[in-house]
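Below: the structure, in structure tokens.
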């Protein structure tokens with residue numbers, strides 16, 4: 001998918017952390033992507049000259065304060081929204097997972113996971129074995145015949161993850177998928193997601209407002225500034241996996257990202273006062 | 001269940017507190033030992049099986065498997081109904097005893113129920129009930145088809161909605177008796193006239209139920225369907241129609257009530273020779289001053305209405321609601 005628009009000169013980006021030689025092919029590339037929302041005479045730039053390069057099979061986290069255009073960015077990547085200018089390249093199909101599990105309450109867990117396969121007219125037997133595999137992957141085999149309302153929030157998100165994986169998307173876009181879960185469940189799901197990502201090799205773009213979560217999960221963490229959304233910093237994360245949320249490297253990185261995030265927020269405050 | 005949630009919430013609070021403290025002063029995290037992991041395959045598998053155990057443990061705590069008490073539910077839902085019927089009969093009897101009207105005009109419950117019992121023993125009574133129920137079924141089926149098609153058209157197209165949306169509500173509020181003059185002009189004294197009125201009574205409710213059902217689908221489900229790759233028709237089939245089912249069912253129930261009322265009004269007004277029905281029997285009993293029979297027929301009408309609502313509609317609706325977790 002390529003959406004072409006006007007091209008501008010790239011803004012300089014700040015790279016923090018050890019730069020890594022990565023020769024894997026690009027899965028997602030944004031070049032100078034700008035999104036302006038107009039209502040009458042007013043216009044608001046949600047995204048302003050975003051440059052982004054996501055390698056195939058990598059885990060990219062996007063963090064930012066409110067109004068950084070995280071949702072706009074995901075919509076642009078998912079092809080739901082088109083950028084005002086700039087170029088978006090997504091190699092392959094993009095799948096999307098939300099903060100709400102958005103499971104269909106009238107379908108069982110297995111039927112929810114099977115739906116994307118049905119929509120692509122996958123043969124019945126292939127479908128059944130694929131659903132069984134995916135439920136095994138998210139440890140929900142015993143709950144195949146349950147309805148979503150019988151599950152806990154964490155279990156629903158795992159079903160949603162299995163359903164998103166059933167789309168066989170090349171790039172999985174996740175919009176604060178664990179934002180509504182309690183801390184205990186969230187920590188366990190980080191471990192689960194990391195394991196599943198390593199097993200499946202899917203490219204993941206994960207949007208969150210939780211800095212520690214981003215440091216826990218990402219190969220690279222992109223910090224967006226707010227109003228307009230710009231890439232303020234890119235952190236390459238070289239910590240070994242599997243990681244733990246409480247380990248030193250993760251908390252040090254989270255501290256560093258938070259410091260940068262606060263600078264951005266403060267800069268915004270000064271900017272507001274001047275106006 | 002509640003206790004688990006409370007504990008989890010407390011954990012969430014603690015977690016945030018630690019997170020915020022480390023952001024400004026990293027020294028506070030030294031209380032938690034940094035986990036060092038050896039990256040051998042053995043350790044990985046160990047970590048994985050440990051993770052699987054953790055997951056299974058969380059799931060077990062989160063699932064509420066308290067069995068439902070069904071028999072107790074049946075009794076507690078039926079005794080108030082029995083009590084209400086007894087109370088109604090008692091009031092009726094009291095009115096008769098008060099001699100407000102002579103007994104040949106307002107018969108006592110026992111007289112009417114005796115008559116009802118005798119009527120139920122005659123084949124002709126069942127034939128007339130059969131005629132009426134056949135008309136109800138035909139009319140309701142036609143209304144279902146028309147109402148569903150209109151409902152889908154309105155909920156799928158903004159243009160159709162603006163054009164006929166409010167008209168449907170207008171049709172719904174129109175008393176069915178008001179259609180009869182037109183029905184008689186169009187169809188004369190025939191089955192067609194009765195069906196015409198039944199369909200016009202029920203179809204708008206069914207269409208409106210479907211439209212409301214579609215409007216009440218959470219937007220995130222519509223979005224999820226699109227993301228998973230639905231096209232126009234598959235979206236309707238896999239997301240919109242199943243999502244609208246609870247609201248649609250409400251419409252069906254209301255549509256049935258309107259159909260039943262319109263049908264009885266129709267049978268009172270449009271009497272077809274040699275084809276006795278519940279409505280014509282009611283009219284006939286009045287004409288020959290057979291008041292116990294008149295009240296017996298009224299009881300039949302009431303009981304059929306209640307039975308169809310509670311056996312057919314309430315049962316299916318309860319099933320739909322339970323499967324989606326909409327029951328308390």
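Counting only DSSP beta bridges with both residues in the protein assembly as shown, tell me the antiparallel percent, nearest 5.
Here the antiparallel bridges make up roughly 50 percent for the protein assembly as shown.
Need one number: nm distance between label points at residue B:86 and residue A:209, each 7 Å from Cα along Cα→Cβ, rounded to one decimal.
Output for this residue pair reads 5.9 nm.
With a point put 7 Å past each Cα toward its Cβ, work out how far residue A:252 is from residue B:94 in nm, to one decimal.
8.6
List B:104, A:37, B:291 from most exposed to least, where exposure is judged by having the fewest other Cβ atoms within 10 Å.
Going from sparsest to densest Cβ surroundings: B:104, A:37, B:291.
State the extension gain, in nm to one decimal, for the chain segment bounded by residue A:38 and residue A:145, taking 0.36 nm per residue of separation less the distance between their alpha-carbons.
Gain in length upon complete extension: 33.8 nm.
Taking the Cα atoms only, what angle lies between the long axis of helix A:124-137 and the longest principal axis of chain A, rounded to 10 degrees?
The angle comes out at about 60 degrees.
In peptide A:250-263, how many Cβ atoms from other protein chains are near each Cβ within 10 Å, on average?
3
Averaged over its residues, how many other protein chain Cβ atoms are within 10 Å of peptide B:233-239's Cβ atoms?
Per-residue shielding by partner chains comes out at 2.
Could you tell me the distance between the Cα centroids of the stretch A:199-237 and the stretch B:115-135, to the nearest Å?
74
For A:35, B:101, what ranking results if the residue with the fewest other Cβ atoms within 10 Å of its Cβ goes first?
The most exposed by this proxy come first: B:101, A:35.
What does the extension gain come out to for residue B:50 and residue B:275, with contour length at 0.36 nm per residue minus their alpha carbon separation?
In short, 73.4 nm is gained.
Other chains near A:206-216: what is the mean number of their Cβ atoms within 10 Å of each residue's Cβ?
Average per residue, whole number: 1.
Helix-only mean residue ellipticity at 222 nm, the protein assembly as shown, DSSP H runs n ≥ 4 weighted -39,500 (n - 2.57), per residue, nearest 500. What is it?
-19000 deg cm²/dmol
Which of rounded, prolate, oblate describes the stretch A:68-221, given a ≥ b ≥ c as roots of the alpha-carbon gyration tensor eigenvalues and a/c under 1.5 marking rounded, otherwise prolate only if a/b is larger than b/c?
Here the stretch A:68-221 falls in the oblate category.
What is the spin-label model distance, in nm, from residue A:80 to residue B:185 if the labels are put 7 Å beyond Cα along the C-beta direction?
5.3
May I ask for the distance between the Cα centers of the stretch A:44-71 and the stretch A:112-138, given as a whole number of Å?
Rounded to whole Å, the Cα centres lie 31 Å apart.
Is the stretch A:136-189 best put as rounded, prolate or oblate by its Cα gyration tensor, with a ≥ b ≥ c the root eigenvalues, rounded for a/c under 1.5, and otherwise prolate when a/b is larger than b/c, oblate when not?
Oblate is the answer for the stretch A:136-189, as a/c is 1.5 or above yet b/c matches or exceeds a/b.
Could you tell me the center-to-center distance, by alpha carbons, between the stretch B:143-158 and the stretch B:259-328 in angstrom?
Going from one Cα centre to the other spans 27 Å.
Could you order peptides B:200-211, A:144-155 by the average number of other Cβ atoms within 10 Å of their residues, highest first?
In decreasing order of mean packing, B:200-211, A:144-155 become B:200-211, A:144-155.
On C-alpha positions alone, give me the angle between the axis of helix A:248-274 and the longest principal axis of chain A, in degrees, nearest 10.
Once rounded, one gets 50 degrees.
Quick check on packing: order A:94-100, A:136-142, A:196-202 by the mean number of other C-beta atoms within 10 Å, highest mean leading.
Top to bottom by mean Cβ count within 10 Å: A:94-100, A:136-142, A:196-202.
Could you please rank B:271, B:278, A:245, placing first whichever residue has the fewest other Cβ atoms within 10 Å of its Cβ?
B:271, A:245, B:278
How would you classify the protein assembly as shown from its alpha-carbon gyration tensor, with a ≥ b ≥ c the square roots of the eigenvalues: rounded for a/c under 1.5, else prolate if a/b is greater than b/c, otherwise oblate?
prolate
Please report the antiparallel percentage of DSSP beta bridges with both residues in chain A, rounded to the nearest 5.
Percentage antiparallel, nearest 5: 50.
How high is the FRET efficiency between residue B:314 and residue B:166 when r is their beta carbon distance and R₀ equals 25 Å, given to the nearest 0.05?
Between residue B:314 and residue B:166 the formula returns 0.25.
The numbers here are math on the coordinates, done by the rules we state, and not lab data. Quick caveat, the model's predicted, so the values are computed rather than measured. Methodologically, a virtual Cβ is constructed for each residue, glycine included, from the backbone with ideal geometry; neighbour enumeration extends over all protein chains shown.
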